[in-house]
Amino acid sequence: MCYRMCFEYSKKLNHTSGVISATVDFKSNTAWIVYNSENIRLESLTEIVKSVNDFYNVTNIEKINKLFKK
């Protein structure tokens, strides 16, 4: 993945309704996405990744339900 593609993925994800934040790392080929599961499904995020460039795909998803304490 090149830096330009990281930017494109970050831009597309961050402009998606339901996504709170998205960061894509060039060196690790990893994206960290914080999203509201009431507004967007995990499967939809996978489709967004595929829509930017079909060369990259989602291969491993680690879901964390509680990120912040109230």
| task | Can you send over the solvent-accessible area of Lys63, 1.4 Å probe, protein chains only, in Å² to the nearest 10? | result | 130 Å²
| For the chain, which whole-number percentage of the solvent-accessible area (1.4 Å probe, protein heavy atoms only) is attributable to carbon and sulfur atoms? | 50 percent
| What number, rounded to the nearest 500 deg cm²/dmol, is the helix-based mean residue ellipticity at 222 nm of the chain, given -39500 (n - 2.57) per DSSP H run of at least four residues and division by all its residues? | -10000 deg cm²/dmol
| task | Report the label-to-label distance for Ile64 and Phe7 in nanometres (one decimal), using points 7 Å from each Cα along the Cα→Cβ vector. | result | 2.8 nm
| request: Give me the aspartates and glutamates in straight-line cross-link reach of Lys50: C-alpha distance below 19 Å, same-chain residues under 8 apart excluded. | output: Glu8, Asp25, Glu62
| What angle do you read, to the nearest 10 degrees and between 0 and 90, between the alpha-carbon axis of helix 3-14 and the longest principal axis of the chain? | 30 degrees
| request: For Asn53 paired with Thr23, estimate the spin-label separation in nm (one decimal), with each label point 7 Å from Cα along the Cα-to-Cβ line. | output: 2.1 nm
| said: Give me a comma-separated list of calculated 3J(HN,Hα) values for the range 38-52, in order, Karplus coefficients 6.51, -1.76, 1.60 applied at θ = phi - 60°, integers in Hz, x for any Gly or Pro. | reply: 7, 10, 8, 8, 4, 4, 5, 5, 4, 5, 5, 4, 5, 6, 6
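The values are calculated or read from the model by the stated rules, or taken from the named source; none is laboratory data. In this text, all values refer to a predicted model and were calculated from it rather than measured experimentally. Neighbour counts run over all protein chains shown; Cβ positions are idealised from the backbone, glycine included. These area figures cover heavy atoms from the full protein model, side chains too; ligands, DNA and RNA do not enter into them. Shrake-Rupley method; radii C 1.70, N 1.55, O 1.52, S 1.80 Å.
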